[in-house]
Amino acid sequence: MSIELTLTGFVELILRGGTFGILLLVIARLLLRPDFTVLCGTGILFGVTGLVEIILNAPPVIDMLAPASFFVLAFQQLHFISLWWFVLALFNDRFRWRVGHFWPIAVAVPLVAGASFVAGDWRWYFTAALVVLNTTLLALIIHRALRNRASDLVDERRSFSLALAFSVPPFTLFVFATNLIAIDAPLNSSLCLVYSGVYLVLALGFSVWLTNLKEGLFQRSGNGALAAVSHNEMSAADRLELDRVVKAMDDGLYLEPGLTIGGLADVLNIPEHRLRRLINGGLGYRNFAAFVNDYRVREAKRRLSDPQMAREQIIQHAFSLGYASLAPFNRAFRERVGVSPTEYREAALTSMAAE
């Protein structure tokens, strides 16, 4: 088989090679981390599937695999799903693998098979369903990246959430959709060139962001917090302001419904950007909601263990602790204690009654 290399093809080959090298560097950096986490694992999977996609979308490879489009579609779909997993692990400090995280795989497998092997008009329906699936994942990725941005205390992650939400998912969906459209014919050379150029820019931007990250982005603990900076390592002004923050929360400010980082900054007359840095660096919290929830759950445990409050409904506790409804209270409590508020109260009161 002879391959004619045009100027467009030569430039596209260089762009693909550059992207390939950048992704290899990112994968190596994640593999060599001493504290290998789920975030590292999902990042590596996203990078590896990206390498495979670069190869599979090269014009010569597309020509060779045109009769067997199943491989191209399967790896493209896995690349998109791995991005979804990476975003979940990146923006959820308490991320743990659950069966529900694999629903895109269960949906994608029959759709990819149908779009690859089913003949006639049905193939178009399977192809359209794949586009719908990836559009749904795109919406979920953007929603997850932006949902808690206001309460995120990690500056690098807050800035990255915008870039991620409005660049990587739309481009990935664009690539997937164009390849579906051209499933029976090779992609136009100009489209391949655009694809390679944009992919290189995105990979370069991701690698620069990754290599400039603070170690705190990867460090996770059971409660979603980092090891706090020693008081002695902080300036006197920071220590005084941090003491004001802790005192205000200890005095019950956490009971304020809908308390936000901006609202706390206004009450304490501390600039919001500095308050984020104080709570993140001085107390080790990565998310303001986790900071507030720790106070609320601690108080909830005290109230649920109080015999004089044994007849109060759980939802009453939720409202009095500052929650807008029962569901977020139950979720925050179970994440920190391991059981529901009802189960905790029953165990605590039973223990008291047995004494």
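The values are calculated or read from the model by the stated rules, or taken from the named source; none is laboratory data. Only a predicted model underlies this, so the values are computations on that prediction, with no experimental measurement involved. Because the Cβ atoms are built from the backbone with ideal geometry, glycine has one as well, and the counts that use them run over all protein chains shown. Accessible surface is based on the protein model in full, side chains and every heavy atom, while ligands, DNA and RNA are left aside. Shrake-Rupley method; radii C 1.70, N 1.55, O 1.52, S 1.80 Å.
Just a few scattered comments:
- Length released on extending from S340 to Q308, taking residue separation times 0.36 nm less the Cα-Cα span: 9.5 nm
- Distances between every pair of Cα atoms in segment 231-295, grouped in 5 Å steps from 0 to the bin holding the largest one, split as 4, 18, 33, 29, 13, 3, 1 percent.
- With a Förster radius of 22 Å applied to the beta-carbon distance between D35 and R298, the computed FRET efficiency rounds to 0.20.
- Probe 1.4 Å, all protein chains present, accessible-area order of V132, V118, largest first: V132, V118
- Contour minus Cα-Cα distance for N269 and N92 (0.36 nm per residue): 60.8 nm
- Largest to smallest accessible area among M234, M249, M352 [probe 1.4 Å]: M352, M234, M249
- Of I14, I22, the order by accessible heavy-atom surface (1.4 Å probe, DNA, RNA and ligands excluded), from most exposed downward, is I14, I22.
- Exposure of E233 as accessible area (Å², to 10), given a probe of 1.4 Å and all protein chains: 140
- Max-minus-min Cα coordinates of segment 272-355 on each principal axis give 49, 26, 20 Å, with the largest extent listed first.
- Rounded Å value of the spacing that divides the Cα centres of segment 288-321 and segment 137-158: 28
- Sites R244 and A354, calculated FRET efficiency, Cβ-Cβ separation with R0 35 Å, nearest 0.05: 0.25
- Summed side-chain charge close to C40 - residues other than C40 whose Cβ falls under 10 Å, Lys, Arg +1, Asp, Glu -1: +1
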